[in-house]
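Student: Following this message is one structure expressed as structure tokens.
What follows draws every value from the coordinates through simple rules; no lab data is involved. Since the structure is predicted, the reported quantities are computational estimates derived from the model, not experimental observations. Ideal geometry is used to build each Cβ from the backbone, glycine not excepted, and the neighbour counts take in all protein chains shown.
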Amino acid sequence: MRVKTILVAASLAGFAMLLVAGPAAADVIKVSPGESIQTAIDQAGPGDTVKVAPGTYQENVQIKTDGITLKGAGSDQTLIEAAATPAAVDPICEGTGICVTDFAGDPSGPPPTPSLSDVRIKDLAVTGFGFSGVFFFATVDQRVSHVLAKDNDGYGIAAFNTSGGEYRDNVASNNGEAGLYVGDSPEANADVHDNEAYGNGIGLFFRDAAHGVVEDNQSHDNCIGVLFLDTPDDPTAPTPNSDWVARDNEVNHNNKACPAGDEGDATSGLGIVINGAHAITLVGNTVNDNQPSGPTVGSGGIVILSDPDSPVSTDNVVKHNSAFGNLPDDILWDGQGTNTFTDNRCETSEPAGLCVSGHGHGHHGGHGHGHGDDGHGGKGDHGHGGKGDRGKNHHKHHGKHGHDD
């Protein structure tokens, strides 16, 4: 009995010490102008915050550790911009401002299982990089908030091969490809809320990714406002674009003109485009005044189409949206697949009959709808996502993809 008593006493003493000690406290590592953000990141451990003071920092950084928060003093105070000579990073991070991945392998090889988790980026601006301002690869549960990503040649904020991302209250402007991008993610489970994207090639771009909510965003003055794309040149890709809900977004005046190039057709005046994707629900969105300002493969407010080499856009639901002043039509569907249109307030559609009569943005009413397997060829070929191919080829060109295109 004495042995048992000693063991119990020792166990209770050890438990008491654990209660007193508790978990290790997270550190805050501060960075001031003239100091290196990367050095602070390398010193940080899981749960730590790298807090960057107001100022301009000319460097590119890579985060390889779980649970780190990179926090500025505000997107109008802390600016990370491209340096004349970039710092050495893993190959997949080349050309990016803030790169979050622990993948150091061949970017053209098989994609790794997402693993690096719980990294937060917030309250700063990132600008002037050759590929992407903020870039995630093979990550889980990343968070980006109150970030300004502007004037990057490719993407503002981009996530490839990720799961569980949340992107809230960011601004993405004047990026060459897309303001905010989620792609190559069969379990994206993305939460895209309250962002603003303008002046980009594509405002919000979702390609070969599944499962997510896109809500209360503003996408304006891009060439394409919002694009859901299943890559036309890879119809058997294991990451089809499906199961997204886009609700209560404002997608207006996307009249910027993107010229044709090696990576895609000219585009302008496209609001919300579903191209080859399925099970996309568009509900309660405002899609107004999307009109082309230059040559374009097509234009329109809400556009659903299927490329010849891609899966058919089907099982999509378009309901309770308001679309006015779009050219050539407020709603344009090529008639392929089984897609449902219900109670959309608009004036013009192709085929006819997809609009509920009425003007302005008052209460939704009526029961207008259209669906079918055959439908009309109509102007579907004019609604092509066009520049949707650009990002994939651009990414491949830079070796950023985790698999061959």
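Student: Quick one: Debye curve from the C-alpha atoms of region 29-397, no solvent, what's log10 I(q)/I(0) at q = 0.06, 0.08, 0.12 Å⁻¹?
Tutor: For region 29-397, the Cα-only Debye profile gives -0.21, -0.37, -0.80.
Student: Net charge around Ser145, counting only other residues with Cβ within less than 12 Å of its Cβ (Lys, Arg = +1; Asp, Glu = -1)? Could the numbers behind the result be given before it?
Tutor: Numbers: positive: Lys71, Arg120, Lys122, Arg143, Arg168; negative: Asp123, Glu166, Asp169, Asp191, Asp194.
Charge balance in the 12 Å sphere: 0.
Student: What whole-number distance in Å separates the alpha-carbon centres of region 43-92 and region 150-215?
Tutor: One Cα centre to the other: 20 Å.
Student: How large is log10 of I(q)/I(0) for region 187-332 at q = 0.11, 0.19 Å⁻¹ when the intensity is taken from the Debye formula with one equal scatterer per alpha-carbon?
Tutor: Listed by q, the Debye log ratios stand at -0.34, -1.10.
Student: Can I ask one more? Taking θ as phi - 60°, what are the ³J(HN,Hα) couplings along region 139-144 by the Karplus curve (6.51, -1.76, 1.60), each to the nearest whole Hz, with x for Gly and Pro?
Tutor: 10, 10, 6, 6, 9, 10
Student: Estimate the FRET efficiency between Ser115 and Ala26 by the formula 1/(1 + (r/R0)^6), using the beta-carbon distance for r and 22 Å for R0, to the nearest 0.05. List each step's numbers first, then the result.
Tutor: On the way: r = 21 Å, r/R0 = 0.96.
Efficiency computed from Cβ-Cβ geometry: 0.55.
Student: Quick one: Kirkwood hydrodynamic radius for region 195-235, alpha-carbon pairs, angstrom, one decimal?
Tutor: Values: mean 1/r = 0.0907 Å⁻¹.
After inverting the pairwise mean of 1/r, the radius is 11.0 Å.
Student: Would you kindly give the portion of the calculated P(r) for region 239-282 that falls above 13 Å, as a percent of all Cα pairs?
Tutor: Numbers: 624 of 946 pairs.
Of all Cα-Cα distances in region 239-282, 66 percent exceed 13 Å.
Student: Let me ask another. By per-residue mean of other Cβ atoms within 10 Å, what is the highest-first order of 106-115, 244-253?
Tutor: On the way: 106-115: 14.8, 244-253: 21.6.
Peptide ranking by packing, descending: 244-253, 106-115.
Student: Between Ala53 and Asp309, what is the FRET efficiency for a Förster distance of 35 Å, r being their Cβ-Cβ separation, to the nearest 0.05? List each step's numbers first, then the result.
Tutor: Numbers: r = 51 Å, r/R0 = 1.46.
Efficiency computed from Cβ-Cβ geometry: 0.10.
Student: Suppose each label sits 7 Å from its Cα in the direction of the beta carbon; what would the Val213-Gln77 distance come out to in nanometres?
Tutor: So the label points at Val213 and Gln77 sit 3.1 nm apart.
Student: A further question follows. Return Tyr198, Tyr155, Tyr181 ranked ascending by Cβ neighbour count within 10 Å, so the fewest neighbours appear first. Can you show the working numbers first?
Tutor: Numbers: Tyr198 20, Tyr155 33, Tyr181 28.
If I rank by nearby Cβ atoms, fewest first, I get Tyr198, Tyr181, Tyr155.
Student: Return the equivalent ellipsoid semi-axes of region 146-218 as a descending list in whole Å, where each equals the square root of 5 times an eigenvalue of the C-alpha gyration tensor. Could the numbers behind the result be given before it?
Tutor: On the way: eigenvalues 68, 35, 16 Å².
Equivalent ellipsoid semi-axes, largest first: 18, 13, 9 Å.
Student: Convex hull over the alpha-carbon atoms of region 293-332: what's its volume per residue in Å³? Walk me through the numbers on the way to the answer.
Tutor: Numbers: hull volume 2.8 nm³, N = 40.
Convex hull of Cα atoms, per residue: 71 Å³.
Student: Quick one: if you stick a label point 7 Å off each Cα along the C-beta vector at Ala84 and Thr338, how many nm between them?
Tutor: Result: 6.3 nm between the two label points.
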